[in-house]
Amino acid sequence: MSEKDNQGPVKRFTSELDYIIFGVGFAITALAVVGFALREEQASAVMESINSFLWTELSWLYLLIMFIVVVFVAFLTIGPWGKIKLGREDEDPEFSYLAYFVMLYSAGTAAGVVFWGPAEAIFHYETPSPLVGAEPMSREAAVGAIQYSYFHWGLSAWSAYVVTAIPIAYFAYRYDAPMRISTIITPWVGIDRLNSFWAKIIDIIAVFATIGGVATTLGLVGSQFLVGLDYVAGVELGDEGTVILITGLTVAFTLSVATGIKKGIRRISYFNMGLFAVLTGVAFIAGPTMYILATGTEALGNYLNQFVTMSLYTNAGGDPGWVGNWTIFFWAWWFSWAPFVGLFIARISRGRTVRQVTITGVIASTGVTIPWYATMGGSAIFLQDTDRADILGVINQYGGEEAAAGYPLFEALPLGGLLTAMFLVLVTTFFITSADSSTLALGMLTTGGNETPSTINRVIWGGLIGLLASVLMVVGGVEALQAAAIITGGPFSIVLLIAIGSMALMFNKHHAILTNKEEDVPSIDEIPSNDD
C-alpha cells in the first residue's frame, strides 16, 4: 500500500495542494462572486466595456491565433510527427477507442452543443452574417445559418483542445512531467523549473479560465432547465429554487467524480453518446428529413469551401458587431475551455499517437457534431418558416433567452413530449460529464499535476463552481461571468502559441532521431533547463 493510501482524506488533501495556485484561484473566484453580488451593475459595465474593446480592436488577433492552431493541427494529422507516441513505444492505450472517444466528446462540447443546437441557426437565420450577404429569413440565410453553426462548433474549437492536450501528454508520459498546463513550457525552462514564476502564472490563468468557462456553462444549462420547467409544466422557480437546482446539479457531478474517472465519467459518457445518437436519429426521421439533408449538405459544402475566408473574416470597415457577438465570442470561449478540456484529453491519451489524438479529437468529433447541427438547425428553420412552430416568438417571450429554442422545436415534432423529456435528460447528463472532467482538471491543476487528486479537492472545486454559477444566476450576472470567461480566453490564446512552439521544438528532435532509426527519443538532458 502506498503512502498516499495510508493518509487520511484531510491529510491527503492538504499534502497534495499547490497552495499558490489553489489559493489564488480560490481567492479570485470568491472576489468575483462578492463583486457581482454587491456591485452587479458596475461589474457588468466594466466587463461589457472590455468586451467591446476586444471585439472592435483585437478581433483579428483572436481569429488569427485560432487559424494558426487549425493549420498546425492539420500538419500534425498529415505530417511526419503524427506517428509520435504519447508514452513509451511499447505502451498500450489506457482506454479502448470507443471509451476514449465518448469521454473526449462528452467533455469537449458537452452541454454547450445541446444548448446551442436548436438555438444558433435560428438566430443566424433571422440575422445573417454579413459574409453570407443574404436577406433575413431567406433560403440563402437558412443555408448560411447552418454553415456558421458548423463553423463555430467544428474543426476550430476541437483544434484548440488538442493543441493544449498533446504537449502535456507528451511531456507527462515521456518524461514524467507533471500533468498540468504549465508543462507545455518544459522545453523552454526544463522540468526542474516548472515551479517557476511563469509556470505559476500560466497555471493560475488556466484555473481562472476553467472556473469561468465551466460556471458559465452551468448557468446556461441551469437557465435552459428553468425555462423548460416553465414552458412544459408552468413551474417558475424563484431565487431559492434556482440555488436548489444548481446545487442539485453540482451534487450530481460531484458524486460522479468521487467514483473515479473509469467508473463515473466513462459510464455517463456512454449513456450520453447513446442518448445523443438516438435523439439525433429520431429528430432527423420525425422532422423535415429532406429539408435537413438538402440544407445541411449545401451548408457543409459552403463550410469546407469558405473555411479560410470565414476563419479570417472581420468585416473590416463595417460593423464588427456580428463577428464579435458570435465568432469572437465562441473562439474566446473555446480558448477559456481549452485548459480543462485539453488537460482531460491529455489525462486519457496515454499510449495514443499524435495522429490518433488529432483524428479522434478533431475530425471524428466534428463529424459527430455536424449531423446534430444539421438536424437541429434545419428543423428549427423549417418549423419557423412553415409556421408549424413560432420558435423566435417563444425566444422573445422569454426575454431573448436562447435556452427556450429547443422546447417549441421538439414539441412540434411527432412524439413531442417524449423528445422533450429526452432532450432535458441529455442536457443534464452532458453537463455532468463536463463538470466531472473540469473538476478533475482543476484538481490536477491545483495539486501540481496529481492525476488522481483527492475527493475533498474535487468536491471543493465542484461546490465553488456551483456556488459561483448559482449566485450569478440569482443576481443576473451570468452574462457578466460569460464576459469574464471571454476576457480570460484572450491570455490563454497566447499559451496555445507557446504550446505550438514547444511541440515544434521537441517533435522535430524526436522525428529526427526516429528517422535515423535510433531507439531513443530526446533525453531529458536535451530539454533545456533554466541554467543552460
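The values are calculated or read from the model by the stated rules, or taken from the named source; none is laboratory data. Quantities reported herein were computed from a predicted structural model and do not represent experimental measurements. All Cβ positions, even for glycine, are placed from backbone atoms using ideal geometry, and neighbour counts span all protein chains on display. In case anyone asks, the SASA skips ligands and DNA or RNA and just uses the protein heavy atoms, side chains included. Shrake-Rupley method; radii C 1.70, N 1.55, O 1.52, S 1.80 Å.
If you fit an axis through the alpha-carbon atoms of helix 19-38 and take the longest principal axis of the Cα set of the chain, what angle between them do you get, 0 to 90°, nearest 10?
The angle comes out near 20 degrees.
Can you give me the distance in nm between label points at residue 28 and residue 50, each placed 7 Å from the Cα along the Cα-to-Cβ direction?
Each label point is offset 7 Å from its Cα along the Cβ direction, giving 1.0 nm.
Considering only protein heavy atoms, what per residue accessible area in square angstrom results for region 86-192 with a 1.4 angstrom probe?
Values: 2740 Å² over 107 residues.
So region 86-192 comes to 26 Å² accessible per residue, rounded to a whole number.
For region 15-510, compute Rg over Rh where Rg is the Cα radius of gyration and Rh is the Kirkwood radius from the inverse mean 1/r over Cα pairs.
0.94
Any idea what the relative contact order of region 15-510 is, in percent, if you count C-alpha pairs under 8 Å spaced at least 6 apart? Working shown, then result.
Numbers: 758 pairs, mean separation 180.9, N = 496.
Relative contact order for region 15-510 comes out at 36 percent.
Give me the percent of accessible area attributable to carbon and sulfur for region 15-510, probe 1.4 angstrom.
Answer for region 15-510: carbon and sulfur cover 65 percent of the accessible area.
Find how many whole Å separate the alpha carbon centroid of region 297-329 from the alpha carbon centroid of region 387-417.
A separation of 26 Å, based on Cα centres.
Could you give the accessible area per residue of region 259-353, probe 1.4 Å, as a whole number in Å²?
On a per-residue basis, region 259-353 sits at 37 Å².
What ranking, highest mean first, results for peptides 418-430, 33-45 when packing means the other Cβ atoms within 10 Å averaged over each residue?
Peptide ranking by packing, descending: 418-430, 33-45.
Could you compute the net charge surrounding residue 82? Neighbours are other residues with a C-beta less than 12 Å from the C-beta of residue 82; K and R count +1, D and E count -1. Could the numbers behind the result be given before it?
On the way: positive: 83, 85, 352, 355; negative: none.
Value of the local net charge: +4.
Ranked highest first by the average count of other Cβ atoms within 10 Å around their residues, in what order do 11-17, 368-374, 153-159 fall? Before the final figure, lay out the partial values.
Values: 11-17: 16.9, 368-374: 21.4, 153-159: 25.4.
Ranked from most to least packed, the peptides come out as 153-159, 368-374, 11-17.
So, taking all protein chains as they sit and a 1.4 Å probe, how much accessible area belongs to residue 411, in Å² rounded to tens?
Using a 1.4 Å probe on the heavy atoms, I get roughly 110 Å².
Per 5 Å bin from zero, what fraction in whole % of the C-alpha pairs of region 332-474 is there, up to the bin with the longest pair?
In order of increasing distance, the bins hold 2, 8, 11, 16, 16, 13, 14, 10, 6, 3, 1, 0 percent.
Tally Lys and Arg at +1 and Asp and Glu at -1 over the other residues with C-beta under 11 Å from the C-beta of residue 346: what net charge comes out?
Every neighbour counted, the sum reads +3.
For region 1-124, just say rounded, prolate or oblate: build the C-alpha gyration tensor, square-root its eigenvalues into a ≥ b ≥ c, call rounded for a/c under 1.5, and beyond that prolate if a/b exceeds b/c, oblate if not.
Since a/c reaches 1.5 but b/c is at least a/b, the shape of region 1-124 is classed as oblate.
Keeping all protein chains in the complex and leaving out DNA, RNA and ligands, what accessible area do you get for residue 92 with a 1.4 Å probe, in Å² to the nearest 10?
About 120 Å², rounded to the nearest 10.
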